[in-house]
Every structure is written in C-alpha cells, then in structure tokens.
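A.B. asks: Handing you a structure now.
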Amino acid sequence: MTELRDTNRAMFWRIVRRLLGANRGRLVVMLLALGAGGAVTAALLNLQVDAKRRLTTEFRTFGPNIIVAPRENSVHGGSPETLDESLLRRIPQEWYQRGIKVVPLLYLVAEAYKTGSDRRVPLVVAGKGGSTMHVGVNGPPFESLISCDVGTRVAAEMQLRPQEKLILQTRVREQPCNFNPTSATGGPEDDQVIVAMGAAQDLAALPGRAGMIELTVPGTPQEITNCIASLRQLFPDADVRPIRQFTEGEAKIYNRINGVLTATIAVVLVLTAFCVMAAMTNVAIERKMDVGLMKAIGGATRRVVRLFLAEAALLGLGGGLIGAALGILLSIGLGKAVFGVAARPRLIVYPVAVGLTMLVAILSAFPLRRLASIRPASVFRGEA
Amino acid sequence: MFFRLVGDSFGRRPRHKLLTGAALALGMGVATAALSVALDVGDRLAREFRSLGANLVVTPKADSLPLEIGGVDYRPVNAGAYLPEADLPKLKTIFWHNNIMGFAPILEVPVQSWTPASQTAFAPKINNETTLIGTWARHAVAVPDGGTFLTGAEKTNPWWQVDGQWFAEGNLECVVGQNLARKSQLRAGDIVNVSPKENSSPAVALEVTGILSTGGVEDEAIVAPLSVAQRLAGKPGEYRKLYVSALTKPEDAFAKRDTKTFTPAEYDRWFCTPYISSIAFQIQQELPGTEVRVIRRVAEGEGQILSRVQMLLWLVTLAAMLAAALAVGASSAASVIERQVEIGLMKALGAGSGAVGFLLAAEQLLLAFVGGGVGYALGIVLARWLGEKIFGAAPEPTLLVFLVVLGLAAVVTLLGSAIPLRRASRIEPAPILRGE
C-alpha cells in the first residue's frame, strides 16, 4: 500500500516535471509574467515601508517642531523668565539615539559696534547650545575672542566686511567676536547675531539659564504627539508646545503623501495581479488537450486538478523567488535614487512577495477546474 | 481577404482574444492611473504645502533691525521704516500673479491692555503690556484689472485657529491670543481697552470676537484689523511687514545660480518659471523700497519634499508600466505560441512568412488599440476615484496620457509577439501539421 503511494507520488512529480518542461516557450512566458508581478510587488512593498520613514526624516528640513518655554507667571515687563539648563538632563539618553535634536537658546538685547566706529546698533543676540548631552554642566570656558554668526540684515546694517571684528556690549560686559557671515534665511535669524550659549549667558549675566529649548523630533504625526505628551511629563513646570505651523501642516501633508503612495501602490499591485492572472489563464486554457488525454487514460478529476495546481504553485514559487529578489534589489536602487540613501531591504517583504506571487499563480490556474469537467472524447474529436 | 482573416480570428476564438485583451486593458489601466496621478500630484501637493503658510516676507529696505524676543518688539515705534498699504493690490499684477495664493500685511504696536472691570476699585487690576498685531483677516483687495481678491491671515497663516469669529474689517473688534485671554480672563463678547505705550493716541475699546490659538507668539498678543493698529501707532495707511504665500516650482540647480551670470535667454526662462526667487524678484520690482526675502525654512523643505515625492511617484509609475508591459508582452507571446498549427496551415496553403507575420501583427495591433482604449477609460475612472479620495479633486484627463498609453500598448504587444512571431515565420509547416 505504501509502495503504491510512493509510486504514485513519484509519478505525480514526474508528470509535473514533464508538464513544466514540455514547452520551453510557454515556461518562459509564464515565468516572465509571474516574475514581473513578483518584482513589482517586492519593490513597491519595500519602497513603501522605507519611503514613509524617509519622508518623516525629510520633514525635519523644516527645523525644530517643539518648543519648551518657561511658563510665565505674571511677568511685569522686565526680564523674561528663563529655564534652568540642567533641565536638559531630564531628557532620556535614548532620545538622542532616535535622532531627536535638542537645542537650548537664550535671547538678549545687546548693542553692537565695530572697532574704530562709534555707531552702536541695538540688536538681538541669540545664544545657541550644542545638541549635546553634557550641556548644563559647564558652558564653554570664556574665551577672549569668539566667533559669531551674523545675520545678513545685521551685516548689511553694520556694513561688516569679512575678517572684521564686532563687539557686543551689554550692561554687564563686552564681548569681542569674529564676524562670520551667514546666508539669508528669511527668518528672525537674519536680524540676529548668534553666539555660543556660554557667551550669551555671560553677556546676559544669566549663568546656567536658557530662554527656551527647541526640539527637532522626527517621526509620524502620532509619534510627535506622543513625544509632546512625554515632554510634558518630563517638564511639568514648563510650557511645552508644538510649533503648530509645522506640526499641523506636516501632519496634513504627510497624510496626503501617505495616501497617494499607499493608494497608488495598492492599485498597481491589484491590477498587476489581475494582469498576471489574465496572462496565465490565457496559457492555462491551452491545456485542454493535456487534460483530455489524462482523463482518457483514467486520471480522476481531482488528481488532474491537483497536478495543474502543483504546476502553478511551482511556477509561482520559481517566478516569485526570482522576481522578488530582483524587486528588492530594484527598490534598493530606487531608494538611492529618490532619497540618496539606499532603502534598507526588509526581510519580511521577500516571503510576502513570494507568497503573493504563488497565490496569484494558483488563482490563475483555477479556470482549469472547468476543464476538468470536459469530456475527453469531444476534445479528441476536435470539438471545442 | 486580409481583413476577413483578421475578423475571423477575432470571431472564432472570442475567449482567447478576450483574455489577452483583458490583460492589456488592465495593464494599460494601471499605466493610465499611475501616469495621471503622477502628472497631477505635483500641483496638488504644492497646494497642500501652502498649509505651511507664507514663504516670502517683505520688509522695508531702510528698516532698522527689529529687537524682537518672544514676540515682544523692544524697538520704539518711531524707529524703522514703513510701507504704504495702497501699493498692495500691485501684487496681483506681477507676471505670476495667479501663483500668489494670499498675502497679509502686519503692523505691530506695543500696547497696554486692560479690561473695563479692572478699572473698578474692587476687581483685581488686570493690566497687561502686550503687542497688538494689526493685519487682515479676510480682506477683499480690489485688483487693478477689475475684480477682487480675498486674502488675509487666514490664507498666510492657515494654522491659526479662532475659537469664535474673526474680527470684521472696519469694526472696533479683535481676537485675543489664548494665553493673554487666560491671564486677563477675557471671553468672546468682552470689551478690552488698548492704548499705545509710546505715543499719545487715545485708547480704543475693542470687542473680543474670538480667542486665537497659534502655538506661537501670537498666543500672547491681541490681533486686530490693520486700520486699528494704524490708528494706535499713528501711521495711517502703513504697514511694516508683509507675508506672501506663493505657489512655486521647486528650485533646481538652474534656479540656484546667480541671476547675474544668466544670458538673456536664461534670464527669460528664469523669469518665466515660478521659482520662488523669480517671484520674489518680481514682487520687489512691483513694490519699490522693499526687501523681499524667501523664508528658507518653509520654502526649502517644501521644494525638497515635493521633488522627492514626485520622483517616488514617477518611479512607482515606471515600475507599474514595466510590470504591465511584461505581463501584456507575456500574454501576447502566449497567444502567438498557441497558434503554431494555424501558422503551419497558412504556410502550407502558400502564405509567405511576411504575409503571416503581417497578419498576426495586425491582429495584435488591433487588440492593442482596443485593449489600450478600454484600459485608458478604466485607468481614468480609477485615477478620478483616487484623486477625489486623496485630494478631493479629480485630475483632468489629458490627451498626452491617452497617446502615451496607446503607444505603449502597441509597442508592448508588438515586442511581446516579436520573438514568437519570428520563430513562427521560420516554422516548417509539415512537422507542425503532422502534430510533432
């Protein structure tokens, strides 16, 4: 009994092999159609996963999107409230690894003049801390001459030339600095002089204080909302708010782009599947003769159908394995072309794409079920 | 006879033709839908990006440096320069006036604000030093060539939310930033008095029509009609800063070049492309004495993301077209392979290889045009549906896509059948007819 089953099984695979090898041209055609489908599926799936992540990173060219500012309690004119820089230590280390940038800032009004000129220009000096973890311990040591980024409008107003020195003066001290030109941003930076945090703190006589903290948080709108919630817990006594101009606009745009991508890819995948199926079915109908012959020599309908399904599954596997591999390679190249960084191949995409290709192949063999009910005699007589 | 043969082939085996045609139609449907979306998405997304607000800022050239910290300008009102409001309609006369989506002039005045209740002896004295921002909420600008253009902060700062209503132009009304409203216990319908800090203009009582939340410095300020701010500042018909929101084309390497190095032809090309720099230049020409700066933070990110998304979609489209082409090619190859017996018979009856090839190619082409046409219709329906779902507006069907799709269908079917056709033309009729 087992022997018979073994022989049967051997025969089954032998027939499948013959079916596959019978017509080289047809085999190539089927593999081509299935492979193309597999390649597109794999490439698009891989690209879609990667593109979403890249886009959220791309959005950060807009700059910071969250602000932590002192909560004001009845300010009476005078100097605005400030935050203690040591608050920065509360930010967990792993945030920095997630690519979150944290910049403490301190603004003050100072007068600036050039050496050898008595024209004094009142302007805003911004102290900018580095995005490092050890801020707040000690600002950079006081240097006699620092470098400062001078906004374009300040440079124009003061008629600064390269290599000229600029002196910033407040009530408490004077700070000479080297003029470092910047390019126009269209933002408030154009009207400011940006110096290192420590220098600004010295100028304002506010050691260890920051006016506000700017955070640049990459991620989906949902991730940013979560980040704001955890920041509010970290800084219960400060005012944490999103820069709505960017968070809201971004959320809108992200959803749109995501929609376009997902919809386009879904449509392409579904139609590609139909397309491959139509091509496969076209080939499958040609098998009428084979089916007639098998039935004539005593093949049961179920076994005949199983034979053809096995053939289709094998073809799907072959086409899928080759196509999906090509597709993933393609998506790496595409990712590089679009975002300048190669898309990381996701291993999960490979089995999914192969599985989908097999599914399409098996589905497209289904019209054969109808063939299984044909009468062999009429086929051999040449009737349709 | 030729047409009879072609017609016969279609009539005799309808199911075969139907399947090949279906593969073609689906493939071309994919191509059409993807192409239509990709062609349209740039414009649509550019419009979406305007939800980030203004991308150009106009300031007087002779202005002194603003001393603004946390939204409070420490500069005296008399310092600096102002611009005439009467010039603003000229913005809609520049070459790219249709790309100007909105603009709003700003005039800020440092003020004291108090509520009538705080003047009584018993109520807590709520007296704030704050900034009054004068602007347009929804202002109808009379365009020089007739008609009006509705613009204001609603267009340039779409993320501003008003709980209640915007103030009406010309009335003594205002909206109050949410933080200031909380501090002063102001609600919609209340009256707030403001008087300028630095000159002797009389105080003005404004009715609060809504509470403004922006997430920015405006949360601490009062936003009122421009005319109110002009009255308080003693600067009738003037403003200090203008925000412009313009629809632009992402800057490429060409747009980043210095305009001074352009040849006249290049200069014309630059001028006639809606690059942000050329729009800025045109505004500067139209409004003398101004400095127009690009808000890099908004404009640069926008251009970068826009070009990336567009490229991504083009690649998806290309991949879709490639897959459709391969599947269609495979389908038409299959339909030729299966007709070896027929080809053998034709040759046995005396048809030359050329005639057979021509006949089959004509059949395939006919199929390609029918399938391509059906696929185009299918794809357009699909693209419309997608467009409405995602952007709320359907892409316009273009002749270009139709021609591309038909051409693609013809090329793909011919290529797909080329190899089997060549083999078919070399077929020896005898072995085929014998069934070998």
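The values are calculated or read from the model by the stated rules, or taken from the named source; none is laboratory data. If you're wondering where the values come from, they're calculated on a predicted model, not measured in any experiment. For neighbour counting, all protein chains shown are included, and Cβ atoms are generated from backbone atoms with ideal geometry for every residue, glycine included.
A.B. asks: Taking segment B:76-109 only, how many residues are buried (at least 19 other Cβ atoms within 10 Å of the Cβ) and modelled with pLDDT under 85?
C.D. replies: 1
A.B. asks: Condition first: out of contact with any helix residue (DSSP H, G or I) (no Cβ under 8 Å at 6 or more places or on another chain) and surrounded by 19 or more Cβ atoms within 10 Å (Cβ to Cβ). Now tell me which residues in segment B:51-65 satisfy that.
C.D. replies: Here is the first cut: in segment B:51-65, the ones out of contact with any helix residue (DSSP H, G or I) (no Cβ under 8 Å at 6 or more places or on another chain) are B:57, B:59-63.
Listed by number, the residues that qualify are B:VAL57, B:THR59, B:PRO60, B:ASP63.
A.B. asks: Please go through segment A:222-252 and give me each residue that is within 11 Å of chain B (Cβ to nearest Cβ), without any contact (Cβ under 8 Å) to a residue 24 or more places away in the chain and within 18 Å of the chain's Cα centre (by Cα), ordered by number.
C.D. replies: A:GLY249, A:LYS252
A.B. asks: In segment A:352-370, which residues are surrounded by fewer than 22 Cβ atoms within 10 Å (Cβ to Cβ) and at pLDDT below 70?
C.D. replies: Residues satisfying the conditions are A:PRO367, A:ARG369, A:ARG370.
Condition check ((1) touching an Asp or Glu at 6+ places or on another chain (Cβ under 8 Å); (2) under 30 Å from A:ARG54 (Cα atoms); (3) outside any helix (DSSP H, G or I)) across all residues:
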position	(1), (2), (3)
A:LEU307	no, no, no
A:ALA310	no, no, no
A:LEU315	no, no, no
A:LEU329	no, yes, no
A:ILE332	no, yes, no
A:GLY335	yes, yes, no
A:ALA342	no, yes, yes
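Matching residues to (1) of a type in the set (S, T, N, Q); (2) exposed (fewer than 14 other Cβ atoms within 10 Å of the Cβ); (3) away from every other protein chain (no Cβ under 14 Å):
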{"residue": "B:GLY387", "(1), (2), (3)": "no, no, no"}
{"residue": "B:LEU403", "(1), (2), (3)": "no, yes, yes"}
{"residue": "B:THR413", "(1), (2), (3)": "yes, no, no"}
{"residue": "B:ILE419", "(1), (2), (3)": "no, no, no"}
{"residue": "B:PRO431", "(1), (2), (3)": "no, yes, yes"}
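A.B. asks: Still on this structure, I have one more. Quick check: anything in segment B:399-408 under 30 Å from B:ALA31 (Cα atoms) and either at pLDDT below 75 or of a type in the set (Gly, Ala, Ser) (or both)?
C.D. replies: Taking every residue of segment B:399-408 in turn, at least one turns out to be under 30 Å from B:ALA31 (Cα atoms) and either at pLDDT below 75 or of a type in the set (Gly, Ala, Ser) (or both).
A.B. asks: While we're looking at this one, here's another question. Tell me which of these B:PHE271 doesn't satisfy, since it passes every other one: (1) in contact with a strand residue (DSSP E or B) (Cβ under 8 Å, 6 or more places away or on another chain); (2) aromatic (Phe, Trp, Tyr); (3) over 21 Å from B:GLY301 (Cα atoms).
C.D. replies: The failed condition is (1).
A.B. asks: Among the listed residues A:ARG60, A:ARG26, A:ARG18, A:ARG54, identify the single one that is part of a helix (DSSP H, G or I), out of contact with any Leu (no Cβ under 7 Å at 6 or more places or on another chain) and without any contact (Cβ under 8 Å) to a residue 60 or more places away in the chain.
C.D. replies: Working: A:ARG60 fails: without any contact (Cβ under 8 Å) to a residue 60 or more places away in the chain; A:ARG26 fails: without any contact (Cβ under 8 Å) to a residue 60 or more places away in the chain; A:ARG54 fails: without any contact (Cβ under 8 Å) to a residue 60 or more places away in the chain.
Step by step, each of A:ARG60, A:ARG26, A:ARG18, A:ARG54 is checked, and only A:ARG18 is part of a helix (DSSP H, G or I), out of contact with any Leu (no Cβ under 7 Å at 6 or more places or on another chain) and without any contact (Cβ under 8 Å) to a residue 60 or more places away in the chain.
A.B. asks: Test each condition in (1) under 22 Å from A:LEU334 (Cβ atoms); (2) more than 7 Å from chain A (Cβ to nearest Cβ); (3) crowded, with 19+ Cβ neighbours inside 10 Å for B:ALA324 and report the one that comes out false.
C.D. replies: (2)
A.B. asks: If you take the residues in segment A:69-79 that are under 16 Å from B:LYS183 (Cα atoms) and modelled with pLDDT under 75, which one is nearest to the other protein chains (Cβ to nearest Cβ)?
C.D. replies: A:GLY77
A.B. asks: Before we move on, is B:LEU226 more than 23 Å from B:THR151 (Cα to Cα) and in contact with a Gly (Cβ under 9 Å, 6 or more places away or on another chain)?
C.D. replies: Working: more than 23 Å from B:THR151 (Cα to Cα): no; in contact with a Gly (Cβ under 9 Å, 6 or more places away or on another chain): yes.
In short, no.
A.B. asks: Here's a follow-up. Hey, can you tell me all the residues within segment B:277-299 that are over 18 Å from B:TYR267 (Cα atoms) and not acidic (Asp, Glu)?
C.D. replies: Once the filter is applied, which keeps residues that are over 18 Å from B:TYR267 (Cα atoms) and not acidic (Asp, Glu), segment B:277-299 yields B:LEU287, B:PRO288, B:GLY289, B:THR290, B:VAL292, B:ARG293, B:VAL294, B:ILE295, B:ARG296, B:ARG297, B:VAL298, B:ALA299.
A.B. asks: Taking the condition at pLDDT 80 or above, within 32 Å of the chain's Cα centre (by Cα), at negative phi and outside any loop (DSSP other than H, G, I, E, B), does A:TYR113 pass?
C.D. replies: no
A.B. asks: I need the strands (runs of 3 or more DSSP E) fully contained in segment B:133-245, keeping only those with at least 2 residues that are buried (at least 22 other Cβ atoms within 10 Å of the Cβ) and at pLDDT 90 or above.
C.D. replies: Once the strands (runs of 3 or more DSSP E) in segment B:133-245 are filtered for at least 2 residues that are buried (at least 22 other Cβ atoms within 10 Å of the Cβ) and at pLDDT 90 or above, what remains is B:173-177, B:204-213, B:222-225.
A.B. asks: Would you list the helices (runs of 4 or more DSSP H) that sit entirely within segment B:266-381 and hold 3 or more residues that are more than 30 Å from A:GLY249 (Cβ to Cβ)?
C.D. replies: B:296-337, B:340-348
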